[in-house]
Amino acid sequence: MPATIISGTEVARTLRAELKEKVARRASSHNGTPGWIPGLATVLVGDDPASRAYVGMKNRAAAEVGIHSRQINLPADVSEDELLGVVEGLNADPDIHGILVQLPLPRHIDEEAILEAILPEKDVDGFHPVNVGRLAVGADDVLAPCTPKGVVDLLLRSGHDPAGKHVVVVGRSNIVGRPMASLLLRRGRGGDATVTVAHSRTPDLGAVTRLADILVVAVGRPDTVTADMVREGAVVIDVGVNRVDDPSAPRGYRLVGDVDFEGVREVAGALTPVPGGVGPMTIATLLANTVQAAEAIRARSEQEVPA
Ligand code: L34
């Protein structure tokens, strides 16, 4: 029996609808307390078409759920100091609760320096070392990276709780693989998994991936996982979004994941497609993180003793 297809598009729609309700509740005033609106700023440097498309999708999704959003476009040759200045301005802006600098950045800019300049409480990507560290020690109220957090949510909402399962993560990037492992290792909801992390230097990758109850593939290379590498009935989450040339496609390319979809669907129990799998969850989770950041910032400011 071929695999059930897990629709990230549908689960993301549900998540956005929930967020839209929550944002609307926060926006209306209660007993004289004025309402408020979460604010997200996205920063796009240069004109990479994929990055531009993703940032545009993020801002549209924010507007759709009632989050105030601002997109800042900077030229590819912007200096590191100028970019740092933009981040500082957003850090100081009380209407902005979430800051996202789309990656990758041009090579002349020190990515680490930029990510470290973002206030940790506004770091809706969860890439600041403070948030990376808090996630690594198992904190449960931390801002966690959108893609792996979206994967956990997708698993839970599609009936594949990772608790007690052996999850094999293929890939060790800072954006997906490493935080994916940290999230799955946490105690409690969405965690409690047994986690193995494999990567490009793992010999006999198939021997490791065949151990997985749940297999998460985040490598960035098509056909990294083929049918022979998947245990019968396993749940396969394909995080890859690769553009491959296809002259017959309208845009001259098509999107494929890291998993050989047609082959793996014959052995897996459930499988995410590309597009329409993890991608939409990444964007919906960014909105959830923006609301989370805004609530934490407001809760902290209410605790402050007035001077
Ligand atoms: N700072 N940089 C920062 N944060 C991120 O979380 C990202 N990422 C990755 C690249 N750089 C980043 C994203 O947003 C990848 N990424 C991302 C987000 C959404 C989608 C893909 C990658 C997505 O929605 N993909 C659609 C297809 C879109 C299309 O047609 O091109 C999908 O259905 O998979």
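Annotations for the structure displayed:
- Members of the stretch 248-307 that are closer than 19 Å to ASP153 by Cα and more than 22 Å from the chain's Cα centre (by Cα): GLY269
- Here the condition is being under 19 Å from the mean Cα position of the chain (by Cα) and of a type outside the set (Val, Ile, Thr); of LEU205, LEU215, LEU211, it holds for LEU215 alone.
- Criterion (touching a Gly at 6+ places or on another chain (Cβ under 7 Å) and either of a type outside the set (A, V, I, L, M) or more than 26 Å from GLN102 (Cβ to Cβ) (or both)) met by exactly one of GLY164, GLY188, GLY171: GLY171
- LYS165, sole failed condition from (1) more than 16 Å from the ligand (Cβ to nearest atom); (2) free of Cβ contacts under 8 Å to residues at least 60 places away in the same chain; (3) open to solvent by less than 20 Å² (accessible area, probe 1.4 Å): (3)
- Verdict on VAL197 being under 29 Å from VAL274 (Cβ atoms), among the hydrophobic types (A, V, I, L, M, F, W, C) and surrounded by fewer than 19 Cβ atoms within 10 Å (Cβ to Cβ): yes
- Top-ranked residue in the stretch 15-38 [being within 19 Å of the chain's Cα centre (by Cα) and more than 16 Å from the ligand (Cβ to nearest atom); ranked as most open to solvent (accessible area, probe 1.4 Å)]: LYS20
- The number of residues in the stretch 168-194 being part of a loop (DSSP other than H, G, I, E, B) and touching a residue at least 60 places away in the same chain (Cβ under 8 Å) comes to 3.
- Any helices (runs of 4 or more DSSP H) falling wholly within the stretch 202-307 and containing at least 2 residues that are within 16 Å of the ligand (Cβ to nearest atom) and buried (at least 19 other Cβ atoms within 10 Å of the Cβ): 278-303
- Entry remark, the stretch 83-103: residues being farther than 19 Å from ARG300 by Cα and in contact (Cβ under 8 Å) with a residue 24 or more places away in the chain number 9 in total.
- All conditions but one from (1) of a type in the set (Ser, Thr, Tyr); (2) away from the ligand (no atom under 16 Å from the Cβ); (3) under 22 Å from CYS146 (Cα atoms) apply to SER69; the one that does not is (2).
- Filter result for VAL137 (surrounded by fewer than 16 Cβ atoms within 10 Å (Cβ to Cβ) and either touching a His at 6+ places or on another chain (Cβ under 8 Å) or β-branched (Val, Ile, Thr) (or both)): yes
- When VAL197 is tested against (1) within 16 Å of the ligand (Cβ to nearest atom); (2) not in a helix (DSSP H, G or I), exactly one condition is not met: (1).
- Hits in the stretch 94-119 (condition: away from the ligand (no atom under 16 Å from the Cβ) and farther than 19 Å from LEU287 by Cβ): PRO94, HIS108
- Subset of the stretch 46-70 that is in contact with a helix residue (DSSP H, G or I) (Cβ under 7 Å, 6 or more places away or on another chain) and surrounded by 16 or more Cβ atoms within 10 Å (Cβ to Cβ) - its residue that is nearest to GLY89 (Cα to Cα): SER69
The values are calculated or read from the model by the stated rules, or taken from the named source; none is laboratory data. This one's a predicted model, so the numbers in the text were calculated from it and none came from an experiment. All Cβ positions, even for glycine, are placed from backbone atoms using ideal geometry, and neighbour counts span all protein chains on display. Ligands, DNA and RNA are excluded from the accessible area calculation, which covers all protein heavy atoms including side chains. Shrake-Rupley method; radii C 1.70, N 1.55, O 1.52, S 1.80 Å.
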